[in-house]
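Asks: Just dropping this structure here.
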Amino acid sequence: MNKPRFILVVVDREPDASGLIAKAVTLARQTGGRIELFLCESEQAYELSHAYDREGIEEACAESTAQARAYLRDLRACANAPDVDITIDARCESPLYEGIVREVLRSTPDLVIKAAAGSDYQHHDTPDPNDWQLMRTCPAPLLLTRGRAWRTPPRFAAAVDASEEETVSLPQEVMEAARTLATAWQARLEVMYGESGAPGEALPLRIERLRGLCDANGITPDRMHILHGQPEQTVLPFAKEQDYDVLIVGTLTHHPAHSLPLGSLTSQLLDALECDFVLVKPCSYRCPVEDRPSAERHRSWGS
């Protein structure tokens, strides 16, 4: 993950949008980055794509986009951040996750920030279908936040899989993303690894691989947590107890036993923890939204 010099902030019309932008502004100040506020009017686009009377659809979507841009201008003014370069963009596309992914493909941000649907860190729900699809398809690192304020400095942790079955480049990419964010705050970074084998079992290769990753990224042994037992039963309670602000995880695991698109452990962490997540994909990832034939897409309108 590159240092986030360009941050795409996906905004909706929820009352907590200002809190999301404030978190993005704080991050931009730490990294010297710029921000784009993006709003996708997916519900309007869906209704228009199914309208019986096709007359006036272009005008209706243009008006919806204009209203979205006006809303974003108001949010930018309320952010009161003259020291941060903040631009805006709006689209009328459906479904929502595809509209967001296409904006990512157009603008190529270093980091995407989005509030989880129904964000409430005290009573959070499991991610909704659009969030799951966005986590699966977003080609840039995705910070999914539930709205809880970070401590100063934040507590960062990376959940790393050092086993032979994991996608070759993914552990290093997770570590690099975690180190990049932690360095921006000069914050402590910890690493978790769940090892299904028992302590002392003949698994030195995995442990040495993890130690090599940690050494290469400046992680001292006291910040490396090797948790013995099934990862789903050890990493999750440990992360809950540590109460991190941000957990950096890999997605699209190549484990043959994992049928969920994010990997079973990542999915369980997302369901159970109240922290923010940064989801990182391997460099070999190819976005399916980009590859879809244009005839399969809903019609969209730019501004």
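Asks: How many of the residues in the range 254-303 are assigned to a loop (DSSP other than H, G, I, E, B), modelled with pLDDT under 50 and either touching a Lys or Arg at 6+ places or on another chain (Cβ under 8 Å) or surrounded by 20 or more Cβ atoms within 10 Å (Cβ to Cβ) (or both)?
Replies: Summing the residues that are assigned to a loop (DSSP other than H, G, I, E, B), modelled with pLDDT under 50 and either touching a Lys or Arg at 6+ places or on another chain (Cβ under 8 Å) or surrounded by 20 or more Cβ atoms within 10 Å (Cβ to Cβ) (or both) in the range 254-303 gives 4.
Asks: Test Thr137 against the stated conditions and say whether it is among the polar types (S, T, N, Q) and not assigned by TED's automatic domain parsing to the domain that holds Ser264.
Replies: yes
Asks: Taking Leu227, is it under 19 Å from Ala239 (Cβ atoms), assigned by TED's automatic domain parsing to the domain that holds Gly250 and crowded, with 20+ Cβ neighbours inside 10 Å?
Replies: No.
Asks: Find the strands (runs of 3 or more DSSP E) located wholly in the range 133-244 whose residues include 3 or more that are within 29 Å of Glu98 (Cβ to Cβ) and modelled with pLDDT under 95, and list them.
Replies: Result: empty, no element qualifies.
Asks: If you don't mind, there's one more thing I want to ask. Are there any pairs, at least 6 apart or on different chains, whose C-beta atoms fall under 7 Å, with the first in the range 219-241 and touching a residue at least 24 places away in the same chain (Cβ under 8 Å) and the second aliphatic (A, V, I, L, M) and in a loop (DSSP other than H, G, I, E, B), and if so, which?
Replies: Pairs found: His228/Ala198; Ala239/Leu273; Lys240/Leu273.
Asks: Residues in the range 66-85: is at least one closer than 24 Å to Arg148 by Cα, crowded, with 16+ Cβ neighbours inside 10 Å and of a type in the set (Gly, Ala, Ser)?
Replies: Looking for residues that are closer than 24 Å to Arg148 by Cα, crowded, with 16+ Cβ neighbours inside 10 Å and of a type in the set (Gly, Ala, Ser), one finds at least one in the range 66-85, hence yes.
Asks: Would you pick out the residues in the range 1-19 that are surrounded by 23 or more Cβ atoms within 10 Å (Cβ to Cβ) and more than 13 Å from the chain's Cα centre (by Cα)?
Replies: Val11
Asks: If you don't mind, another one. Do we find that Ser94 is hydroxyl-bearing (Ser, Thr, Tyr) and crowded, with 22+ Cβ neighbours inside 10 Å in this structure?
Replies: Answer is yes for this residue.
Asks: Another question about this same structure. Can you list residue pairs whose Cβ atoms sit under 8 Å apart, with the first residue in the range 1-29 being farther than 15 Å from Ala182 by Cα and the second being of a type in the set (Asp, Glu) and assigned to a helix (DSSP H, G or I)? Count only pairs 6 or more apart in sequence or on different chains.
Replies: Leu8/Glu103
The values are calculated or read from the model by the stated rules, or taken from the named source; none is laboratory data. What you are looking at is a predicted structure, and each value in this text was computed from that prediction instead of being measured. Positions of Cβ are generated from backbone atoms using ideal geometry, with glycine treated the same way; all protein chains shown enter the neighbour counts.
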